[in-house]
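A short reminder: the numbers here are calculations on the coordinates, not readings from a lab. Keep in mind that this is a model prediction, so the values were computed, not measured. Virtual Cβ from ideal backbone geometry, glycine too; neighbours counted across all protein chains shown.
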Amino acid sequence: MLPSSLSGHPLERAAGRGTELPEGGSNCGVFCPGDLQKVAALAGVSPERVTYAVAFGRTGPQEAVVLRAVRLPGARTDLVRAWTETVARTRSKPQVISATIKDRAVTILADPLRRDAEGVTYLLETSDVLFILSGSPLSRDVSVPITSVLLAVAALP
């Protein structure tokens, strides 16, 4: 679901089933506890059918990227909307920005309480897969992503 490298830089990758991640707790890792279960419920998909993948790494001397993919087979709703609702319910309500990046429709979620890489995410969907991207450092204008995010968008199916 995710590339193994971006612009010649290898990415670390991992994948698993959504049921392998905790439903409760207060510490976020690749996903916050319960996020995949909540988005599955909103999408009308059994949590047992949800799979995820993550890839991360440096894309240059000053930039890094994290790519997450969530496959929700048979989803019956807009996956970007389901993720946005999940984030708004479990964290602060994000600013939602619609953009076009590399000729693709992207939804940008900007957490008003965070100005770090995880406070800004770029969402894309294809069929039954939701892609959640973030990069570091942040650009001053979140609607203009850094190079690593541009490379990631271009590399997605």
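A few remarks follow.
- Per-residue [θ]222 nm for the chain (sum of -39500 (n - 2.57) over DSSP H runs n ≥ 4, rounded to 500): -5500 deg cm²/dmol
- In plain terms, the residue of K102, K38 with the fewest other Cβ atoms within 10 Å comes first and the most crowded comes last, giving K102, K38.
- Annotation: the residues E48, E118, sorted from fewest to most other C-beta atoms within 10 Å of their own C-beta, follow the order E48, E118.
- Rg and Dmax of the chain, based on Cα coordinates, read 14.5, 42 Å.
- Ranked by the mean number of other Cβ atoms within 10 Å of their residues, highest first, the peptides 10-16, 141-147, 78-84, 130-136 fall in the order 130-136, 78-84, 141-147, 10-16.
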